[in-house]
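The values are calculated or read from the model by the stated rules, or taken from the named source; none is laboratory data. Here the structure is a predicted model, which is why all the values come from computation and not from measurement. All Cβ positions, glycine included, derive from the backbone under ideal geometry; neighbour counts span all protein chains shown. Heads up: the accessible areas ignore ligands, DNA and RNA and are worked out on the full protein's heavy atoms, side chains in. Shrake-Rupley method; radii C 1.70, N 1.55, O 1.52, S 1.80 Å.
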Amino acid sequence: VGDIRFKGLMGGVELVTDRETKEVLPFPLISQLKDRLHEDGMLLTISGMHKNVLRLQPPLTITAKQLDRFVELLKKNIGAVRQSAS
């Protein structure tokens, strides 16, 4: 994760290969992560100039429990994609 930006509940998680250099994570890996999250029931899109930002737009009625579940799934799937890239 290179950067996390939010305005209210709308936000973006920038994905990079290196936090220091901010080298962009290749699109196939970002796409794989998005697909895995979709399979887990999470709705998000990819955006950004380099197509390396997961865009999050949860409903205003989202609960703390649902947010915790999303963070759990995001961590799990980032780890799985990272391992597949190694």
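The C-beta contact set for region 61-82 (first residue more than 19 Å from Gly8 (Cβ to Cβ), second residue charged (D, E, K, R), distance under 6 angstrom, 6+ apart or interchain) comprises Leu73/Asp40; Asn77/Arg36. Selection within region 6-46: residues that are in contact with a Leu (Cβ under 6 Å, 6 or more places away or on another chain) and farther than 19 Å from Gln66 by Cα. The member of this set that is most open to solvent (accessible area, probe 1.4 Å) is Thr17.
Take the conditions (1) touching a residue at least 24 places away in the same chain (Cβ under 8 Å); (2) part of a loop (DSSP other than H, G, I, E, B); Val13 misses just one of them, which is (2). Only one of the numbered conditions (1) part of a helix (DSSP H, G or I); (2) surrounded by 11 or more Cβ atoms within 10 Å (Cβ to Cβ) is not met by Asp68, and that is (2). Among residues of region 47-65 being under 17 Å from Lys7 (Cβ atoms) and part of a loop (DSSP other than H, G, I, E, B), the one that is most open to solvent (accessible area, probe 1.4 Å) is Leu60. Limited to region 38-60, what total is found for residues that are of a type in the set (D, E, K, R) and closer than 13 Å to Leu9 by Cα? So the count comes out to 1.
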